[in-house]
Amino acid sequence: FSTANSNFIRNIIIEDRENHPGKEVHTRFPPEPNGYLHIGHAKSICLNFGLAKEFNGLCNLRFDDTNPSKEETEYVDSIKEDVKWLGFDWEDRVYYASDYFEKLYEFALKLIKKGKAFVCDLSAEETRAYRGTLTHPGKNSPFRDRTVEENLALFEEMKEGKYPNGAKVLRAKIDMASPNLNLRDPILYRIMHEEHHRTGDKWCIYPMYDFAHPLSDALENISYSICTMEFEDHRPLYDWLIKELIESKQKPRQYEFARLNLTNTVMSKRVLRQLVETGTVDSWDDPRMPTISGLRRRGYTPEAIRDFCERIGVARANSLVDISMLEHCLREDLNTKAPRVMAVLNPVKVVITNYPEDRVEYLEAENNPEDSQAGTRIVPFAREIYIEREDFMENPPGKFFRLAPDREVRLKHAYIIKCTGLVKGDSGEILEIHCTYDPESKSGGLTSGRKVKGTLHWVSCAHAKDAEIRLYDYLLKGEDLEASTGEDEAKDNDFLSQINPQSKVVLAGCKVEPSITDAKPGMTFQFLRQGYFCADNKDHQADQLVFNRTLGLRDSWAK
Ligand code: ATP
Ligand code: MG
Ligand code: MG
């Protein structure tokens, strides 16, 4: 398990470079700025930036912003932040497909002049009817035989804004009988009278993805254009456009790999947007979201995400990865990094009746047994402490090794205590647990060797700080949700019916040890016996502590 999984694109590159010494690895990551990046994008980012780095090549960040209706600058900014946070650097190579609008227009003119593109007046519905089906060839558009001059004039008029949306399109002239539907005179340009987030109202015709993408790759000298499997059937069109329009010796080539799908997780941007817009989650960076910003806020580290992306490997066959594997990668990382502290989520007071009332001891506590460099901190101990309510039972079953009447437990870093009595409220609820402590049993002391079965975490009442703790669980209940390509709306809607109503539980009045009062937003800790928690990167403040549960301690990944 620890060795890297296979990556067939890496193997292709290695072989290519044996056959063509000096062939450069130039990749790009091409997000459409119509939403926030998610863990699926991380796979593509690690692949594209990772291969470039490994082979001393380059990777561009290219915003694929050819559809003005859904794109916004907010998304551009978040995408840049997320790619950087993941640990990758595009240096000065950030590009926008919209920067190529002029050049793409010229490519279109060239294609018209070659007799390989025409302006078509069929409606969307007619175009669909003419296209045919997988089993039936299509029919030529009645506008297919327009002369080059006529096409140039009409395309110019389209650009000038003479026609309303949908009145005309520019189409490639390839083959209406092709077994590949993508080659049946595909649309290259459409009319859209819409503001673009960068070019404003300069353009009212916009290139289709299939036209813009190969040509943008060529303009940027991309050698390996890596995308997901749903574009496999588009590759012949990619190659056709490159052949018709690009003369350079080294031509870009498209390679497809399988998308990442994760159990309990939906990744289609359309659904993620819906979760935000319907208030099902609080925001794009809600810690339950599979977005990079959500994972960051949840307490994920870039190291864990990169490790995960390497371990899942790259293949062409679709698969569903168990989310426990992502969690396993994070636990491995946090186990070595996260300082251990004590926090009581559901406090009940313990009074140590034989401990002097005004005494405070400052105990030394190890920060991380997995990291000898992590040092120690001071934890105050006094007569009144909090423990977890669940760590006490009045009538415990035999195997209960926590606190109960007449039973002993060790308080971590401190003493052994024994329960001697209870104070109850009117309705029988436990208000205080009374104990005595054994002064000889101090942790780390000469006489600390006495063994008891259970060890509890605790905090001193007078020194503890209040905190809000947010417990998160999977947003989706079903584990084996089928993979979504983001293109099947019915399937997407299915996800929305599987929302887990318990996915966020907020606990108020939790008590944390004073050492984490100055935790910076985003810092992660292991709360002893409870799991990993991070200071919320939005709401946590010095006078209002807010922690998110990142993960529990138990690893369910089956290796
Ligand atoms: P979605 O369907 O979630 O909206 P998308 O493919 O439309 O995603 P883009 O912004 O176009 O989103 O994606 C940028 C790049 O990330 C593309 O090359 C795309 O193939 C890749 N990508 C998107 N989702 C995944 C995924 N689940 N696994 C791997 N790569 C992905
Ligand atoms: Mg896309
Ligand atoms: Mg999409």
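Here, each number is a calculation from the coordinates, and none is a lab measurement. Everything quoted here is computed from the prediction, not taken from an experiment. Counting neighbours? That spans all protein chains shown, and the Cβs are built from the backbone with ideal geometry, glycine included.
Please identify every one of the GluC sites (Glu not before Pro) in region 51-145 that sits in a loop by DSSP and has no more than 16 other beta carbons within 10 Å of its own beta carbon.
Here the sparse-neighbourhood loop sites are 72, 91.
Over region 8-257, the alpha carbon radius of gyration divided by the compact-protein estimate 2.2 N^0.38 Å works out to 1.05. Ordering 458, 284, 85, 240 by the number of other Cβ atoms within 10 Å of each residue's own Cβ, fewest first, gives 85, 240, 284, 458. Multiplying the residue separation of residue 517 and residue 390 by 0.36 nm and removing their Cα-Cα distance gives an extension gain of 43.3 nm. For the pair residue 461 and residue 496, a Förster radius of 45 Å applied to the C-beta separation gives a FRET efficiency near 0.50, rounded to the nearest 0.05.
Using the reciprocal of the averaged 1/r over all distinct C-alpha pairs, how large is the Kirkwood radius of region 187-297 in Å? That comes to 17.0 Å for region 187-297. Between residue 20 and residue 505, the distance separating the two model label sites (each 7 Å from Cα on the Cα→Cβ line) works out to 5.8 nm. Taking the centroid of alpha carbons for each part, region 373-447 and region 282-328 are 38 Å apart. Evaluating kT/(6 pi eta Rh) at 10 °C and 1.306 mPa s, with the Kirkwood radius of the chain over Cα pairs in the Stokes-Einstein relation, gives 58 µm² s⁻¹. The P(r) of region 343-457 has a tail past 16 Å containing 62 percent of all C-alpha pairs. Overall, the anisotropy analysis places region 125-246 in the oblate class: the square-rooted eigenvalues a ≥ b ≥ c of its C-alpha gyration tensor yield a/c not less than 1.5, with a/b not exceeding b/c.
Only one residue of 300, 365, 454 has its Cα farthest out toward the positive end of the dipole of the chain, where Lys and Arg carry +1 and Asp and Glu -1 on Cβ, and that residue is 454. Taking 4.7 Å between beta carbons as the limit, the unpaired Cys residues of the chain are 59, 120, 204, 227, 329, 419, 435, 461, 510, 534.
Counting only helical runs of four or more DSSP H residues, what would the 222 nm mean residue ellipticity of the chain come to if each run contributes -39,500 (n - 2.57) and the total is spread over all its residues? It comes out at -8000 deg cm²/dmol, rounded to the nearest 500. Between residue 232 and residue 209, the contour length at 0.36 nm per residue exceeds the Cα-Cα span by 6.9 nm.
Go ahead and run the numbers for FRET between residue 378 and residue 440, Cβ-Cβ distance against an R0 of 35 Å, rounding to 0.05. Calculated transfer efficiency: 0.95.
Arrange 433, 191 by Cβ neighbour counts within 10 Å, fewest through most, would you? Working shown, then result.
On the way: 433 25, 191 21.
Sorted ascending by nearby Cβ count, the order is 191, 433.
FRET efficiency for the pair residue 332 and residue 539, taken as 1/(1 + (r/R0)^6) with r the Cβ-Cβ distance and R0 = 30 Å, rounds to 0.60.
Do any of 80/249; 477/520; 70/538; 139/269 go past 30 Å between their Cα atoms, and which? Going by Cα-Cα distance, 80/249; 477/520; 139/269 fall outside the 30 Å limit.
Which residues among region 97-123 fall inside the zone where the amide N is under 16 Å from a point 7 Å beyond the Cα of residue 149, along Cα→Cβ? So the set is 113-115. As a rough footprinting exposure proxy, the listed residues 383, 184, 316 were ranked by other beta carbons within 10 Å of their own, and the order from fewest upward is 316, 383, 184.
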